[in-house]
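The values are calculated or read from the model by the stated rules, or taken from the named source; none is laboratory data. Being a predicted model, the structure only gives us computed values, none of them experimental. Just so you know, the surface numbers come from the protein's heavy atoms only, side chains and all, with ligands and any DNA or RNA stripped out. Shrake-Rupley method; radii C 1.70, N 1.55, O 1.52, S 1.80 Å.
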Amino acid sequence: QVQLVESGGGLVQAGDSLRLSCAASGRTFSNYAMGWFRQAPGKDREFVAAISWSDDVTRYADSMKGRFTISRDNAKNTVYMLMNSLKPEDTAVYHCAARPGIIASTWSLYAYWGQGTQVTVSS
């Protein structure tokens, strides 16, 4: 089992930045690929970004490229996502997720999920 706890969300204005954190506990964190997904009210869960266990492979949804940066610190069992130039359409609950093996952008391939952190961007 892997337990995930997100933090860092909040209410910001358009153009601001936020850094989300996801603290993991349980099994060896460095063996898992990590992903961030988001879900806005009335919308499907959406892939945001993912990072390999070794930190050498990352993947982003097209709308996040150049604005969001995913990173991880295996010594601290934590994955981060820096979000710059936030837009009102980025408003959602952001979840981190873990899966053994290679990274993936499909949410159903992830075995472990955090409860999420709310990000609200006002215009």
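Here's a check for you: in segment 80-120, which residue that is among the aromatic types (Phe, Trp, Tyr), open to solvent by less than 40 Å² (accessible area, probe 1.4 Å) and part of a strand (DSSP E or B) is nearest to Thr69 (Cα to Cα)? Walk me through it before giving the result.
Here is the first cut: in segment 80-120, the residues among the aromatic types (Phe, Trp, Tyr) are 80, 94, 107, 110, 112-113.
Remaining after also requiring open to solvent by less than 40 Å² (accessible area, probe 1.4 Å): 80, 94, 110.
Those left that are additionally part of a strand (DSSP E or B): 80, 94.
Numbers: Tyr80: 8, Tyr94: 14 Å.
Among residues in segment 80-120 that are among the aromatic types (Phe, Trp, Tyr), open to solvent by less than 40 Å² (accessible area, probe 1.4 Å) and part of a strand (DSSP E or B), the one nearest to Thr69 (Cα to Cα) is Tyr80.
Of everything in segment 13-30 that is modelled with pLDDT of 95 or more and open to solvent by less than 20 Å² (accessible area, probe 1.4 Å), the residue that is nearest to Ser54 (Cα to Cα) is Cys22. Condition (residue is of a type in the set (A, V, I, L, M), open to solvent by less than 10 Å² (accessible area, probe 1.4 Å), closer than 17 Å to Val119 by Cα and at pLDDT below 95) applied to segment 61-69: is it met by at least one residue? Checked segment 61-69: at least one residue is of a type in the set (A, V, I, L, M), open to solvent by less than 10 Å² (accessible area, probe 1.4 Å), closer than 17 Å to Val119 by Cα and at pLDDT below 95.
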